Amino acid sequence: MAFSVKKRTNTRLNEIEKIQQPVEYVPNCYGDRFIPRRYALSRASRFKAESKPERKTDPMVMKEMPGYWRTHHYSSVLKKAFGLVSTRDKILSFKDSTSRQMCSHLSTERTLEWVVRPIYSNLQKLDWSCRPRTKPIGFIEAVHDLPNIKTYYHKIIDWSVAGQIAAIFSKKLVIWTPNTDVIIGLRAQYTTSIAFNPAGDQLAMAIFMMNRPWLDILDVGSNPIGHHGALKMLDPLEHPVSCLTWDGSGQYVVCGFGNGQISIVRVHPRCSKNVCDNKYFAHKASIIAIKFSCGSKYMATADELGQVYIWYWNGGHLTPITRWASAMCAFFDWHPWREDEIVIADSEPIMIALYHVPSRQVVSYYRRQDSDCIVTTLAFNKISGELVVCYSFTDVNKPPEILVLASMDRVVDVMRNHDDVIVHLLWSPDGKQLASVGYDETLTIWNFFGISPTNECKRKKLQRDAAASSSSSRTGGSVFGDGPESGRDASRIQCNRNKEATYRDLASSFLFKAMR
């Protein structure tokens, strides 16, 4: 008898020693009834690259019911109503009491050996590292008219870390700061692409003039604004710069051309005349997007034929890694804090994939079953990690939608305001505001986190308005930039927001006004 008890005790200790993680020792079924536990059905198995999603219902088919995808927090509401403040007072808890008792019993016999992993702890079993908002509380802050904005170019608008927004119109470049009335207008008829540097004090402008591509660096941090650097002619000739961007250090400008060439221009320090720009020939069509990863370890480029190339970046030099081929146009964006992950979306037919660069594998994906819409652009939020995807439908009577995803099968919110295809998404410097630009020539600024301005923000705004008004009265409301060789001038315009103005007034002054 004693031998039998000792044998069972040794067997029990051997089973406890095998425990490495708390989840592995909990059975997946209840006794002889074989009722599966909720967490036993791993979602990850449905989104592997080698398997197809198990669910037959398309999770992204929108119902017409308002707020259908919105998460309602019944637990927090009932806790507040019943006054449950203790951590043990829980309602609507779906944890298994049997597994809780087993964990408690085993922890008293021996401390569990946890495996420490340096990677992100994905407690919600999401496809990518994400801290989704507790509820969709975003709202529209402002809608602006952008008449004659150059929608046929790809990098026509940018939002700097200093808070300034720059946009290219038919004949002018307009720079303004949201919530202020001071606007700078520059003659820029031949500008094809713009991009702020990481510090926000310089603006790179690509110009196609006299059938030659040029690069100009505008100093927007000086006072007065409008100091131009020396124009630099780029190679190849007779091909405009279709897209450009800065690297993370602010020393290089990466230019993509209409013929698919990539040129890397060193800006700081000023390079000598005998130093040639690095050129790379991989794309066969016009480049429409260039983006760096969060730590500038990688760079990705996309062209009009749906080819996406991923490169290693090393101080102005590129090393190709892999290529992603799409049947139609493809869009991509890097994860805001995980450098090795990139989301690539095929426009038509719609397929959104999370790609892990070092392993060259698709971690998860979503494929739309219907062909009633296309993806037009996408972007990650830098704070929450939520993915914002813009859809445009084949039905002209159905307006485009902005979907907010926390995972491939979790739609957090749906936002609608535009009447035509949405082609640009911009984030404010703090990541709390989203700007969307569409072919309807409107710019919508969304308060993504639903945080209303405080009294301190209002006070600072009043101080800025008063300082701008006094400065404008002293200088006469105009300022001129340097560089007479370029033939461009700058004019500062004072306007009253939400005030009616005719189109002729806008065309003669600047192409921007607030609508509502």
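If R0 is 41 Å, what FRET efficiency do you get for Met210 and Ile451 from their C-beta distance, rounded to 0.05?
On the way: r = 49 Å, r/R0 = 1.18.
With R0 = 41 Å, the Cβ-Cβ based efficiency is 0.25.
Starting from the residue with the highest accessible area, list Glu348, Glu339, Glu401 in decreasing order, probe 1.4 Å.
Working: Glu348 80, Glu339 45, Glu401 5 Å².
My answer, sorted largest first, is Glu348, Glu339, Glu401.
If amide H atoms are built 1.01 Å from N in the plane of the peptide, which residues on other chains or at least 5 residues away come under 5 Å of the amide H of Ala195? Here the answer is Ala204, since their amide H atoms fall under 5 Å of that of Ala195. Each label point was placed 7 Å from the Cα along the Cα-to-Cβ direction; for Phe139 and Ala162 their separation is 3.2 nm. Quick one: pull the percent of accessible area on the range 336-430 belonging to carbon and sulfur, 1.4 Å probe, ligands and nucleic acids left out. Reported share for carbon and sulfur atoms: 44 percent. Give the calculated FRET efficiency between Asp235 and Gln189 to the nearest 0.05, with a Förster radius of 35 Å applied to their Cβ-Cβ distance. Rounded to the nearest 0.05, the efficiency is 0.95. Please compute the net charge surrounding Tyr439, taking Lys and Arg as +1 and Asp and Glu as -1 over other residues with Cβ under 9 Å from its Cβ. Every neighbour counted, the sum reads -4. Extension gain, His268-Ser249: 0.36 nm per intervening residue step, less the Cα-Cα distance, totals 5.9 nm. Note that the range 160-262 presents 33 Å² accessible area per residue, ligands and nucleic acids not counted, probe 1.4 Å.
Probe 1.4 Å, all protein chains in place: accessible area of Phe257 in Å², nearest 10? About 0 Å², rounded to the nearest 10.
May I ask you to compute the full-extension gain from His356 to Phe281, defined as 0.36 nm times their residue separation minus their alpha-carbon distance, rounded to one decimal in nm?
Extending this stretch completely gives an extra 24.6 nm.
Ranked by solvent-accessible area (1.4 Å probe, protein heavy atoms only, all chains present), the residues Met408, Met210, Met328 order from largest to smallest as Met210, Met328, Met408.
The values are calculated or read from the model by the stated rules, or taken from the named source; none is laboratory data. Values in this document were obtained by computation on a predicted structure and should not be read as measured data. For neighbour counting, all protein chains shown are included, and Cβ atoms are generated from backbone atoms with ideal geometry for every residue, glycine included. We work out accessible area using only protein heavy atoms, side chains counted, and drop any ligands, DNA or RNA first. Shrake-Rupley method; radii C 1.70, N 1.55, O 1.52, S 1.80 Å.
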